[in-house]
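Participant: Got a structure here, written out as structure tokens. Questions coming.
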Amino acid sequence: MSHPSVSRRNFLRVSMIAGGGMLVGFSALSNSETGENTEATPFSPNAYIKISPDGKITLMSPNPEIGQGVKTSLVMLIAEEMNVDWQTIDVEIAPLDAKYGSQTTGGSGAIRSRYAPLRQAGATAKAMLMSAAADTWGVAVTDCYAEKGFVIHKSSGKKLSYGELATKAAGMPVPTNVPLKDPKDFTIIGTRVKDVDAKAIVTGKPLFGIDTRKEGMLYAVVARPPAHGKKLQSFDDSAALKVNGVKKVVQVKNSVAVLATSTWAAMKGRTALKINWEDASKLESTTDHEKAFRELLSKPAATPNRNDGDVDAAMAAATKVLDVMYEVPVLSHAQMEPLNFYADVRDGKAELYGPTQVPQSLVSAVAKELNIPATNVSLGLPRQGGGFGRKLRPDNGVEAALVSQAAQCPVQVQWSREDDMQNDFYRPSGMFRFKAAIKDGNLEAWHQSFASLSNGRSPDTYPAGAIQNLKIESHSLPTNIPTGPWRAPTHNVQAFANESFMDEVAHELKKDPVAFRLELLKKAKEQPVGKLAYDPDKFISVIELVAKMCNWGKTPANTYRGFSTWFSFNSYVAQVVEIQMLKGKPRITKVYCAVHCGKVVNVSGAENQVQGAVVDGLGHAVYTKLTFNNGSAVQTNFGPYNFVRMRNTPLDVVVQFVPSEENPTGLGEPGLPPIAPALANALFAATGKRFRKMPFVDDIEFA
């Protein structure tokens, strides 16, 4: 049995609900959901269990659902410990409320931060229901057991439903240190459970923010600066106000909003605006960034991020030095549901409803902009059509609130795809320079430098700790192009460069790519150099598993393979990509993926996350880039922004998880970083050419 450590800040709240019944909630000190160090940063999750006398059980999922499946998997944790019948429960996304603790979705953190607390809430509720039944029958609690929403008396077979017990249970003493289930007794956790919204999604039910319709609401679109570095000088709205359906035009800071009775009318009104924009700062272009990156990488950084051993001496003594560059472009988040938000600001209060990954931050930002107390801002959370880090910024909600305040009416601000891609917080572009010192058939030194539009860096990730002489440096290029987190921030570019170069080193040393990684990890385990931020054994476990899955070393006929591995968000992933050449064009046929992410809560949901990450990563590695010309995004829709199509996806993505009873680690992002280098390495195996610049389609046509 497992007994969690519960601090004084862990407590259960039980209350009666209208008409009788039981409402259970709890608060618990938590770890960060946006960072990678889950031991250092506190969090306060809270979940509520509502049981009505008619037996209806409603479980609240506290974190925003952006397609990662937490609306299903989080409540599975509660349901498991409650011993309810999964088919009979209702699930709702919790609105923003302090009683739910941190409601951020990001950093692959929802499951790993709430695993024990949500199970504890379910176990405590079950214990109180069993106590209520035992008290009703005048028997010992130990003579009872719970099963599928009922408490049953062992000897007599009498049973009472949770609904029948709810009112009495709400008055029972709240137990402490309730034991959690032994994993061998799980009936829900570790199984395949379909998404609770699956039917509603495929039948087109209004689940998303874009579906919002409220009485008196006008639709708004906003004319924002057409380039980063531009600002509003003046505008003439006379023609826009003549468009049928347009009701108002208002200025909001550096933008102009057109409000109408339909989105189409608002867009036509925006087109009719006559706006003068003026330069406010430099208008940057991608070519300028690339030139600046090369200049930065030609000189050392002021201070290395990490410096083990003596890299310079090892380079000087080497018989050969590999010296190569890797390049990654700017990317848009391009989530399938374009940004939108509903706001009704009046009488010193704001009612908000819309997609965000950071509910608390959004409310705080709105309160600050409107100069009202945060307690006067309410926020409802819909299901969201993707996020990938874009909605870690609260700008869409803040803008909607300002439009509503200026127009003095409720509004739904709708962004077009072009709006979304011109006004993103982009995955920053960057350039890597790698040098490796080779002597006597060994890797003696590793030197990597990174220049980027951001400060992102992870100096302690693999292979740090496995190489005696290692130096890592980074340069940040000042820019007015807004950047932000993009699925697996930093890792999504660093893995591509690191693991592609690792393959180059292995090839130079005439060593098998898998065996070479295992050799380095053995060194990291037995003779670590400096700080070791990963577990070599877990790394080895996924490498050995994926090698077994694909029967590494015995490549099928007419097939070429590439291997890669990476660690992020406390999880370990190893991947093998198989391609075939069809009339000189590569076709990605199969991907094998091994994952160590602790206990898997929802097997089908976990597989979906990994498979989705693989497809997402492949698509962006092969096809996608965004460039700037004088501050304007050149690619602003899915034509020029060459997104992956279904016909380009792998024919099969095979996923296996290393068995583990450890608490879950991150899963929404770790499957993405290693896929680009695995493909690049497969392309080298097929063509003899290294692919060091994304997207690959610029250098080779795919089948």
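The values are calculated or read from the model by the stated rules, or taken from the named source; none is laboratory data. The structure displayed is predicted, hence computed values, not measured ones. Every residue, glycine among them, receives a Cβ derived from its backbone with ideal geometry; neighbour counts consider all protein chains shown. The accessibility values were calculated without ligands, DNA or RNA, using every heavy atom of the protein model including side chains. Shrake-Rupley method; radii C 1.70, N 1.55, O 1.52, S 1.80 Å.
Participant: Send over the Kirkwood Rh of segment 143-295, from the inverse of the averaged 1/r over different Cα pairs, rounded to one decimal Å.
Facilitator: Mean inverse Cα-Cα distance, inverted, gives 22.8 Å.
Participant: Still on this model: Compute for segment 480-610: radius of gyration divided by Kirkwood radius, i.e. Rg/Rh, restricted to C-alpha atoms, rounded to two decimals.
Facilitator: Numbers: Rg = 16.3 Å, Rh = 16.5 Å.
The Rg/Rh ratio comes out at 0.99.
Participant: From the phi of every residue in segment 686-699, what ³J(HN,Hα) in whole Hz does the Karplus formula 6.51 cos²θ - 1.76 cosθ + 1.60 yield, where θ is phi - 60° and glycine or proline is x?
Facilitator: Karplus values, whole Hz, x for Gly and Pro: 7, 10, x, 10, 8, 10, 10, 9, 8, x, 5, 5, 5, 10.
Participant: With N set to the number of residues, divide the alpha-carbon radius of gyration of segment 241-306 by 2.2 N^0.38 Å and report two decimals. Mind showing how you got there, number by number?
Facilitator: Values: Rg = 21.8 Å, N = 66, 2.2 N^0.38 = 10.8 Å.
That works out to 2.02 for segment 241-306.
Participant: Distance from the Cα centre of segment 175-228 to that of segment 278-320, in angstrom?
Facilitator: Comparing the Cα centres of segment 175-228 and segment 278-320, I get a distance of 42 Å.
Participant: For segment 155-200, what ratio Rg/Rh do Cα atoms give with a Kirkwood hydrodynamic radius?
Facilitator: With Rh from the inverse mean 1/r over Cα pairs, Rg/Rh is 1.09.
Participant: Where in segment 281-302 does the label zone of VAL324 land, with the point 7 angstrom along Cα→C-beta and an amide N cut-off under 12 Å?
Facilitator: No residue qualifies, since no backbone N sits under 12 Å from the label point.
Participant: Still on this structure: Taking a cut-off of 24 Å between Cα atoms, list the lysines near LYS242, but don't count ones fewer than 8 places away on the same chain.
Facilitator: Result set, ordered by chain and number: LYS253, LYS268, LYS274.
Participant: Continuing with this model, one more query. Please report, largest first and rounded to whole Å, the three semi-axes of the ellipsoid equivalent to segment 334-487, where each semi-axis is the square root of five times an eigenvalue of the C-alpha gyration tensor.
Facilitator: Result for segment 334-487: semi-axes of 44, 15, 13 Å.
Participant: Let me ask you something else. Between segment 449-502 and segment 110-126, how far is it from one alpha carbon centroid to the other, in angstrom?
Facilitator: 35 Å
Participant: Which whole-number value in Å² is the accessible area per residue of segment 407-473, probe 1.4 Å? Walk me through the numbers on the way to the answer.
Facilitator: Working: 1740 Å² over 67 residues.
For segment 407-473, the solvent-accessible area averages 26 Å² per residue.
Participant: Put +1 on the Cβ of each Lys and Arg and -1 on the Cβ of each Asp and Glu in the chain; which of ALA266, ASN629, PHE432 then has its Cα farthest toward the positive end of the dipole?
Facilitator: ALA266
Participant: Leaving out ligands and nucleic acids, note down the accessible area per residue over segment 566-703 with a 1.4 angstrom probe, in whole Å².
Facilitator: Dividing the accessible area of segment 566-703 by its residue count gives 34 Å².
Participant: When the expected Rg is taken as 2.2 N^0.38 Å, what fraction or multiple of it is the alpha-carbon Rg of segment 418-499? Don't skip to the answer; put the middle values down first.
Facilitator: Details: Rg = 15.3 Å, N = 82, 2.2 N^0.38 = 11.7 Å.
Expressed relative to 2.2 N^0.38 Å, the Cα Rg reads 1.30.
Participant: Which FRET efficiency, nearest 0.05, do LEU241 and ARG645 yield, Cβ-Cβ r, R0 41 Å?
Facilitator: The calculated FRET efficiency here is 0.50.
Participant: Considering all projection directions equally, how large on average is the shadow of the alpha-carbon convex hull of segment 383-459, in square nanometres?
Facilitator: It is 8.7 nm².
Participant: Say each of ASP54 and LYS194 gets a label point 7 Å from the Cα, pointing the same way as Cα to Cβ; how far apart are those two points in nm?
Facilitator: Placing both labels 7 Å along Cα→Cβ, they lie 2.5 nm apart.
Participant: Where only protein heavy atoms count, and the probe is 1.4 Å, what is the accessible area per residue for segment 224-307 in Å²?
Facilitator: Solvent-accessible surface per residue comes out at 55 Å².
Participant: Between ARG417 and ARG294, what FRET efficiency follows from the Cβ-Cβ distance if R0 is 35 Å, with the result rounded to 0.05?
Facilitator: According to the calculation, E is roughly 0.60.
Participant: Next question. Lys/Arg Cβ at +1, Asp/Glu Cβ at -1, dipole of segment 307-364 taken about the Cα centre: which of VAL311, ALA350, TYR326 is farthest positive-ward?
Facilitator: ALA350
Participant: Now for a separate question. How much of the accessible area of the chain, probe 1.4 Å, is carbon plus sulfur, in whole percent?
Facilitator: 50 percent
Participant: Using the Karplus curve 6.51 cos²θ - 1.76 cosθ + 1.60 with θ = phi - 60°, what ³J(HN,Hα) values do you get for each residue of segment 472-480, in whole Hz, with x for Gly and Pro?
Facilitator: Each residue of segment 472-480 in turn: 10, 10, 9, 10, 10, 9, x, 7, 9 Hz.
Participant: Using Cα positions and a limit of under 20 Å, work out the lysines in reach of LYS154, with same-chain residues fewer than 8 apart set aside.
Facilitator: Qualifying lysines at Cα under 20 Å: LYS126, LYS181.
Participant: In terms of the Cα gyration tensor, with a ≥ b ≥ c the square roots of its eigenvalues, is the chain rounded because a/c is under 1.5, prolate because a/b exceeds b/c, or oblate?
Facilitator: oblate
Participant: Check cross-link reach from LYS148 to the aspartates and glutamates: straight Cα distance under 16 Å, and skip same-chain residues fewer than eight apart.
Facilitator: Cα-Cα hits under 16 Å: ASP54, GLU80, GLU81, ASP85, ASP90, GLU164, ASP185.
Participant: While we're looking at this one, here's another question. Compute for segment 186-234: radius of gyration divided by Kirkwood radius, i.e. Rg/Rh, restricted to C-alpha atoms, rounded to two decimals. Write down the numbers at each step before the final one.
Facilitator: Details: Rg = 20.9 Å, Rh = 16.1 Å.
With Rh from the inverse mean 1/r over Cα pairs, Rg/Rh is 1.30.
Participant: Same structure again: Order the peptides 334-345, 527-538 from the highest to the lowest mean number of other Cβ atoms within 10 Å of their residues.
Facilitator: The most tightly packed comes first, giving 334-345, 527-538.
Participant: On to the next question. So if we plug the beta-carbon distance of ASN177 and ASP535 into 1/(1 + (r/R0)^6) with R0 = 25 Å, what FRET efficiency do we get, rounded to 0.05?
Facilitator: In this case the efficiency is close to 0.25.
Participant: Measure off 7 Å from each Cα along the Cα-to-Cβ vector at LYS158 and ASN480, then give the distance between these two points in nanometres to one decimal.
Facilitator: 7.8 nm
Participant: Can you quote the Å³ per residue value for the convex hull of the Cα atoms in segment 572-624, rounded to an integer?
Facilitator: Cα-based convex hull of segment 572-624, divided per residue, equals 80 Å³.
Participant: Cα atoms only: what Rg and Dmax, in Å, come out for segment 49-148?
Facilitator: In Å, with Rg to one decimal and Dmax whole: 14.9, 49.
Participant: Largest first, please: the extent of the C-alpha atoms of segment 264-358 along each principal axis, to the nearest Å.
Facilitator: Rounded to whole Å, the extents work out to 72, 32, 28 Å.
Participant: Continuing with the same structure: What distance in nm separates the simple spin-label points at GLU701 and ARG346, each placed 7 Å from Cα in the Cβ direction?
Facilitator: With each label placed 7 Å out from Cα toward Cβ, I get 6.0 nm.
Participant: To continue, here is another question. What does the convex hull of the Cα atoms come to per residue for segment 452-550, in Å³?
Facilitator: Once divided by residue count, the hull of segment 452-550 is 126 Å³.
Participant: May I pose another question? Check which residues have an amide H placed less than 5 Å from TYR48's amide H, if you skip close sequence neighbours.
Facilitator: MET60
Participant: Would you mind counting up the charge near PRO206? Only other residues with Cβ under 11 Å from its Cβ, with Lys and Arg at +1 and Asp and Glu at -1.
Facilitator: After counting each charged neighbour, the total is +2.
Participant: From the residues THR104, SER131, GLN87, which one has its Cα farthest along the dipole of segment 84-146 in the positive direction, the dipole being from +1 and -1 charges on Cβ of Lys/Arg and Asp/Glu about the Cα centre?
Facilitator: Toward the positive end, the furthest listed residue is THR104.
Participant: Using the alpha-carbon centroid of each, what span in Å lies between segment 629-703 and segment 374-427?
Facilitator: 29 Å
Participant: For GLY465, enumerate residues with amide H under 5 Å from its amide H, sequence gap 5+ or separate chain, H modeled in the peptide plane.
Facilitator: Amide H neighbours of GLY465: VAL529.
Participant: Another one. Go ahead and collect, in residue order, the members of segment 172-211 whose backbone nitrogen is under 17 Å from a label point 7 Å along the Cα-Cβ direction of SER604.
Facilitator: Only 187-203 fall inside the zone, counting backbone N under 17 Å.
Participant: Quick query: amide H of SER571 versus all other amide H atoms, modeled in the peptide plane; which residues come in under 5 Å with a sequence gap of 5 or more or a different chain?
Facilitator: The answer is GLY666.
Participant: Can you list the HN-Hα couplings for segment 130-138, worked out from phi with the Karplus curve (6.51, -1.76, 1.60; θ = phi - 60°), rounded to whole Hz and with x for Gly and Pro?
Facilitator: After applying 6.51 cos²θ - 1.76 cosθ + 1.60, I find 5, 5, 5, 5, 4, 5, 4, 8, x Hz.
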